[in-house]
1. Take the residues in the stretch 55-74 that are polar (S, T, N, Q) and over 21 Å from residue 35 (Cβ atoms), then tell me which one is surrounded by the fewest Cβ atoms within 10 Å (Cβ to Cβ).
2. Here is a check on your reading of the model: is residue 82 closer than 19 Å to residue 103 by Cα and either surrounded by 11 or more Cβ atoms within 10 Å (Cβ to Cβ) or of a type in the set (Lys, Arg) (or both)?
3. Please go through the stretch 78-89 and give me each residue that is assigned to a strand (DSSP E or B) and of a type in the set (A, V, I, L, M), ordered by number.
4. Residues in the stretch 14-35 that are part of a strand (DSSP E or B) and at pLDDT below 90: how many?
5. So the check is Cβ under 8 Å with 6+ separation or different chains; which pairs have a first residue in the stretch 40-53 that's touching a residue at least 40 places away in the same chain (Cβ under 8 Å) and a second one that's among the hydrophobic types (A, V, I, L, M, F, W, C) and not in a strand (DSSP E or B)?
6. If only one of 157, 138, 118, 91 is in contact with a Gly (Cβ under 8 Å, 6 or more places away or on another chain) and surrounded by 12 or more Cβ atoms within 10 Å (Cβ to Cβ), which one is it?
7. Can you confirm whether residue 2 is surrounded by 14 or more Cβ atoms within 10 Å (Cβ to Cβ), modelled with pLDDT under 90, farther than 30 Å from residue 138 by Cβ and not polar (S, T, N, Q)?
8. Could you grab me the full set of residues in the stretch 70-80 that are touching a Phe, Trp or Tyr at 6+ places or on another chain (Cβ under 9 Å) and more than 17 Å from residue 59 (Cα to Cα)?
Amino acid sequence: MKSPSLRYLPIALILLTGCQTTRKQYQLVYRDNAGIYRVESAKVRTIRVHRNPYKVLVKTDLGRLETASLNGLWGCQETGGARRRLYLGNFYEVVQEKNVVIYRQADFDGSSSDHYYFSKNPDSDILYLSRRNLIMAFSGETCMQNVVSHLPRNDWFKINNKGYFQLLEACDSCLSLK
């Protein structure tokens with residue numbers, strides 16, 4: 001017969017190993033004037049934005065709170081995961097990117113909204129994704145005006161055979177004609 005202490009050992013091991021959570025880690029992403037992304041090698045645990053005065057605070061793996069350099073700071077990337085753009089104090093998760101970028105607002109706890117946003121390129125203003133905003137953003141570009149006017153909203157997020165949203169692919173084909 002097993003001793004009582006050994007009998008509970010497997011249960012104790014399962015409980016101890018099952019309770020360990022892997023902490024998410026992030027890396028800051030910088031973008032230079034040439035449009036080249038540079039992902040910092042240092043990993044951080046948390047990122048917080050303070051608005052007054054505007055600064056980005058990161059908590060390192062060692063638990064130190066540091067102020068990130070704002071010069072060229074584009075956003076962050078979860079290690080092995082999604083990229084998020086920092087824009088006007090909010091983080092927007094990159095959903096798909098070609099010439100135009102599609103985002104959704106996402107928090108670091110993994111929650112996201114079903115509200116989609118876009119920018120004409122990775123560095124331009126982020127706008128709510130609507131037909132009106134697309135027409136306004138691409139005013140003066142006939143091909144884009146036609147795409148936005150004629151592609152039904154229900155088809156915007158349908159995935160094509162290349163794995164891209166139909167809206168993004170249509171925008172890309174227009175913008176590559178320039």
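The values are calculated or read from the model by the stated rules, or taken from the named source; none is laboratory data. Since we're looking at a predicted model, the values are computed, not measured. Please note: Cβ atoms are built from the backbone with ideal geometry, for glycine as well, and neighbour counts cover all protein chains shown.
1. Residues of the stretch 55-74 polar (S, T, N, Q): 60, 67, 69, 71.
Still in the list and also over 21 Å from residue 35 (Cβ atoms): 60, 67.
On the way: 60: 13, 67: 10.
So, considering only residues that are polar (S, T, N, Q) and over 21 Å from residue 35 (Cβ atoms), the one surrounded by the fewest Cβ atoms within 10 Å (Cβ to Cβ) is 67.
2. Details: closer than 19 Å to residue 103 by Cα: yes; either surrounded by 11 or more Cβ atoms within 10 Å (Cβ to Cβ) or of a type in the set (Lys, Arg) (or both): yes.
Against the criterion (closer than 19 Å to residue 103 by Cα and either surrounded by 11 or more Cβ atoms within 10 Å (Cβ to Cβ) or of a type in the set (Lys, Arg) (or both)), residue 82 qualifies.
3. Residue satisfying the conditions is 86 alone.
4. Here is the first cut: in the stretch 14-35, the ones part of a strand (DSSP E or B) are 26-31.
Then drop every residue that is not at pLDDT below 90, which leaves none.
Number satisfying all stated conditions: 0.
5. Taking only residues 6 or more apart or on different chains, the pairs are 46/108; 47/68; 47/108.
6. Working: 157 fails: in contact with a Gly (Cβ under 8 Å, 6 or more places away or on another chain); 138 fails: in contact with a Gly (Cβ under 8 Å, 6 or more places away or on another chain); 118 fails: in contact with a Gly (Cβ under 8 Å, 6 or more places away or on another chain).
When all the criteria are applied, what remains is 91.
7. Numbers: surrounded by 14 or more Cβ atoms within 10 Å (Cβ to Cβ): no; modelled with pLDDT under 90: yes; farther than 30 Å from residue 138 by Cβ: yes; not polar (S, T, N, Q): yes.
Against the criterion (surrounded by 14 or more Cβ atoms within 10 Å (Cβ to Cβ), modelled with pLDDT under 90, farther than 30 Å from residue 138 by Cβ and not polar (S, T, N, Q)), residue 2 does not qualify.
8. Of the residues in the stretch 70-80, the ones touching a Phe, Trp or Tyr at 6+ places or on another chain (Cβ under 9 Å) are 70-79.
Of everything in the stretch 70-80, those that are touching a Phe, Trp or Tyr at 6+ places or on another chain (Cβ under 9 Å) and more than 17 Å from residue 59 (Cα to Cα) turn out to be 71, 72, 74.
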